[in-house]
Amino acid sequence: MNPRCKAGLLLLLAPLATRAEQWTLDNKLSTRYEVNDNAPLAINPRGSMNALSVSTSLQASRRSENASTGVRAAMTAVEEQGPGSNDRLDGQWGLTQTFDDPLHSLDLSASYLQDINNQIENSDVLVGRSRRRSSLVSARLSRQFSPRIGGHVQGSFDRTRYGASGGSDYRNGSLGGGLSYRSTELQTWSLNLSHGRYRTEAGTYRSTTDQLSLGWSQAMTERYSLSLSIGGYRSRNDGQRFVRVCGLAPSWCVDNPSFYVLVAEAVRETKRGLQFNLSGRLQLDETTDFSLNAAREQSPSGVGVVARRDTLSAQLGHSFSPVMSGSVGYARNRALYGSFGGDITRSEESLSLSISRRLSDDLSLQAGATHRRAHGSQLAGRARSSSVAVSLSLDWPRLEASR
């Protein structure tokens, strides 16, 4: 190497040599077998579906005195047998970068997800079971003005595509900020404001949403904590609807319905409403804990509109021994949107039971059962499904290095 180039490289690396750094690497491998009597959650099920999946995940991080970098990746290969089976390869990756000092913090992140829209806690219930691809970038800048007062600004942009699976591809961006005030060591108040823009890729629908909320969180005791955020939103929606029009004399149209044609017309509407977010956690004893979450929010949807989304989840967990634990959970997801003249709703709920046993320090076995139901204004009845699953997980030893 040229001596001058070598000297320049050493000069650039000199500050890094004096900075403390730490690296960690986690890797996990798991396999899962599931039997579901109505995987699409259809009104008239066509039979049971068996699914075998193999997953691997990787997380790596690097930490220095005032910065940290994280990388995560996961991949799942799924083989299905039964009506409507669809062998596929799902996966996700994410990158986070953080810079901080005693008063400031900057968080940057980017992620990509390819999966099946069927997890009730975070799925788009209006679209149903379908394949989706989502990408997201976000940034957040925080500032601590005093030991009790802090503030932040943040922005994000995401894009979701459903391809030929029936959903509407869309883009969604948001910009917001907020202030927080810690009144006591255990109590914090917050005020948040955000502005969001949503539009379909086809350009048939656009929405602008402004939201304002006041938050409160309190650690009641060492075992009990509660947080609540409540506020309002205003949405301005631009879209189109189809109406039947006849260009001839009314007498001709009455006697000849075939003279009517469908014509698209522009429609604009404004909606206002209440939204909230409530979460709590209770440690009943050393082996049992309970958590509850309830929320109402404006959420982008794959049916081509912004929908109001109501979610409720509760979970009770218990540790039977140092190597065995179990949990029972309930989740409900309900979405409503106005189709410029009529409201359309769809809801899904699930009841699940799971048990986990650690076979060794890095090997664990899980088993569970789930019952799901779905109904909506456009469904001619209720859809039900039941499933059982067993999985085996292997956690590779963590690798750590520092200098």
Sequence gap at least 6, Cα distance under 8 Å: using those rules, report the relative contact order of the chain to the nearest whole percent. 14 percent
5 Å binning of all Cα-Cα separations within the range 67-114, expressed as whole percents from 0 upward: 5, 17, 18, 13, 12, 9, 9, 6, 5, 4, 2, 1
Run the accessible area of the range 28-154 with a 1.4 Å probe and give the carbon-and-sulfur part as a rounded percent. 56 percent
Please turn the phi angles of the range 74-85 into ³J(HN,Hα) values with the Karplus equation 6.51 cos²θ - 1.76 cosθ + 1.60 (θ = phi - 60°), one per residue in order, whole Hz, x for glycine and proline. 8, 9, 9, 9, 10, 10, 10, 9, x, x, x, 5
Go ahead and estimate [θ] at 222 nm for the chain from helices alone: -39,500 (n - 2.57) per DSSP H run with n ≥ 4, summed, over the residue count, rounded to 500. -1500 deg cm²/dmol
Rounded to two decimals, what is the ratio between the C-alpha radius of gyration of the chain and 2.2 N^0.38 Å? 1.20
By the scheme Lys and Arg +1, Asp and Glu -1, what is the net charge of all other residues having a beta-carbon under 15 Å from that of TRP189? +1
How large is ³J(HN,Hα) for each residue in the range 214-227, as worked out from phi by the Karplus curve 6.51 cos²θ - 1.76 cosθ + 1.60 (θ = phi - 60°), to whole Hz, x for Gly and Pro? 10, x, 8, 9, 8, 8, 5, 9, 5, 10, 9, 9, 8, 9
Computed on Cα atoms, Rg of the range 298-347 relative to 2.2 N^0.38 Å comes out at 1.80
Let a ≥ b ≥ c be the square roots of the eigenvalues of the Cα gyration tensor of the range 27-143; is it rounded (a/c under 1.5), or, if not, prolate (a/b larger than b/c) or oblate? prolate
Highest to lowest packing among 143-155, 25-37, scored as the average C-beta count within 10 Å: 25-37, 143-155
Using alpha carbons only, how many angstrom separate the centre of the range 350-366 from the centre of the range 51-110? 22 Å
At 1.4 Å probe size, put TRP216, TRP23, TRP93 in order of accessible surface, largest to smallest. TRP93, TRP23, TRP216
For ALA39, what residues show an amide H to amide H distance below 5 Å, using hydrogens built from the backbone and excluding near sequence neighbours? MET49
Please list 3J(HN,Hα) in residue order for the range 385-393, calculated via the Karplus relation 6.51 cos²θ - 1.76 cosθ + 1.60 where θ = phi - 60°; whole Hz, with x for glycine and proline. 8, 9, 8, 10, 8, 9, 9, 10, 10
Would you please put 278-288, 170-180 in order of how densely packed they are, using the mean number of other Cβ atoms within 10 angstrom per residue and starting with the highest? 170-180, 278-288
Per residue, accessible area of the chain with a 1.4 Å probe, heavy atoms of protein chains only, in Å², comes to 59 Å²
What would the Debye equation give as log₁₀ I(q)/I(0) for the range 31-91 at q = 0.12 Å⁻¹, counting only Cα atoms as equal point scatterers? -0.46
Hey, any idea what % of the range 283-403's accessible area is carbon plus sulfur with a 1.4 Å probe? 55 percent
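The values are calculated or read from the model by the stated rules, or taken from the named source; none is laboratory data. Quantities reported herein were computed from a predicted structural model and do not represent experimental measurements. Heads up, the Cβs are rebuilt from the backbone with ideal geometry, glycines too, and the neighbour counts pull from every protein chain shown. Heavy atoms of the whole protein, side chains included, go into the accessibility calculation; ligands, DNA and RNA do not. Shrake-Rupley method; radii C 1.70, N 1.55, O 1.52, S 1.80 Å.
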